[in-house]
Amino acid sequence: MIKSLCSSHQFLLFSRNVSSFVLPQSHLKLKKICSEYSESSLRPIAAILDKNQLFPSEQIKELGALGFMGILVEKKYGGFDGDTLALSVAVEEIARYCGGTSSIVSIHNALYADTINRLGTIEQKNNFLSDFVNGNKIGCFALSEQDSGSDAANLKTTAKKCGNEWILNGTKAWVTNGIEGEAFIVIARSNESGGHNGISAFLVPSKIAGLSRGKKEDKLGIRASSTCNIILDNVRIPNENLLGNEGEGFKIAMSAIDLARIGIASQAIGISEAALECAIKYAGQRIAFGNPIINLTPVQIRLAKMVTKIEASRLLTWKAAKLRDSGQTFIQDAAMAKLVSSETATFVTHNCIQILGGMGYIKDLPAERYYRDARITEIYAGPTDIQFLVIADNLAKKYGFKIR
Ligand code: COS
């Protein structure tokens, strides 16, 4: 009975009312479409995808047909021509029903598609965007390496110019969607003595001599999305595949990650919202001491903290999105949104299990999946500790201090 309660539609989430007065009509419509699709097509399969680490190829095609695989991409390249707020709204709705699928969508849009849309040449957009925004193909972003995750500028992958070509060598780690990905934005060192300015970005198709994949990582959560190493062994690509200008790769990567932080914050909010829904439905039905446990003050305190943190996270995330959409600086705001939303997801999913007790700890209900899916949001696109650093750096700058 409890199982059906957690998947029933009878409750309208009280915490979502903020949407109606903050979001414009266009975004409310998009939210409805995305929510309806995700509820009918992702909710029923989320546990199966998670258990078997399955990539939802059909659903990604359908999300592509709805415009959700090219949210920020111009219409002429097949995109939805939406804004950052639209990305946030869509990712949150998808994450409410399937955390793994929301990773696929969020990373593909924020790190791959938007970066090419902003910086690519017409030819690059034709080759690396058009077939990637309809859900037929997935794109990836390859920055991290085994020994350079947070210290991104310390990467060791090299790109050597040889006539009209670049030759790439190195191993990229933690590449989201790496197993299915058909193209990669690879960030590599193109000038040994250039420091941050000796790094460039390259567009690399997956079907090319010298490129291979490592094993598919067996992850704690977001298991519908794949993660693997990408090995580049004398991969030769034409000069036309240089993305942006030579030497600008570090900044290209950082500004892509700034957007990704809004995407991950939105994912964290979606997972939190699902966990809150699960917890409140359980608390309203579960009898203890003669009454539903929602009557118990300790449970009320947990629920009150959960909903408050979610609302605060969402508003901070939408603020960062709106700043980006209006062309203002948003680096600190994206980091604050990611920091707060990911900690909220950890808090809310933890408390969801606490309210459900033993029922939260077994796989009959989705609470344990939410808990596992939430964990990554404090790690990828820069762990919490890096968000502290980015926020403090930007704060210090505003007061005329330089930390590093
Ligand atoms: N957005 C845009 N530009 C940025 C930026 C950001 N978030 N962060 C730094 N830059 C720019 C700086 O403005 C600086 O430019 P100038 O040389 O013109 O002044 C340049 O990049 C170097 O900046 P900085 O000296 O701060 O770089 P650091 O090597 O010290 O690294 C951190 C800064 C740690 C913040 C950065 O490496 C980082 O965010 N790491 C985490 C990476 C990450 O999230 N990885 C997850 C992988 S996602 S697949």
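Just so it is clear, none of the values below were taken in a lab; they were calculated from the coordinates. Fair warning: this is a prediction, and the values are worked out from it, not measured in the lab. Neighbour counts are summed over all protein chains in view; Cβ atoms, including those assigned to glycine, are modelled from backbone coordinates with ideal geometry.
For the reader, a short list of remarks on this structure follows.
- Length-normalised contact order for the chain - Cα pairs under 8 Å, 6+ apart - percent: 16
- Angle in degrees between helix 84-97 and the longest Cα principal axis of the chain, rounded to the nearest 10: 50
- GNM top mover of 301, 107, 116 - the chain, alpha-carbon springs below 10 Å: 301
- Between residue 208 and residue 33, the contour length at 0.36 nm per residue exceeds the alpha carbon distance by 59.2 nm.
- Sequence-distant residues sharing a close amide H with residue 145 (under 5 Å, placed H): 173
- Residue with peak Gaussian network fluctuation, the chain [Cα springs, cutoff 10 Å], from 169, 239, 295: 295
- The dipole here belongs to region 139-246: it is taken about the Cα centre, uses +1 on the Cβ of Lys and Arg and -1 on the Cβ of Asp and Glu, and is about 220 debye.
- Over region 139-246, Cα pairs under 8 Å with separation of 6+ residues give a relative contact order of 32 percent.
- Whole-number percent relative contact order across region 224-329, with pairs defined as alpha carbons under 8 Å at least 6 apart: 24
- For the residues 98, 352, 228, a GNM of the chain with alpha-carbon springs under 10 Å puts the largest fluctuation on 228.
- Whole-Å distance, taken between Cα centres, linking region 277-295 and region 188-211: 55
- Positive-pole candidate from 355, 330, 382, dipole of region 280-404, charges at beta carbon: 330
- Chymotrypsin sites (Phe, Trp or Tyr not before Pro), loop per DSSP, at most 11 other Cβ atoms within 10 Å - longest free stretch of the chain: 12-288
- Inter-part distance where region 367-404 and region 84-113 are each reduced to a Cα centre, Å: 19
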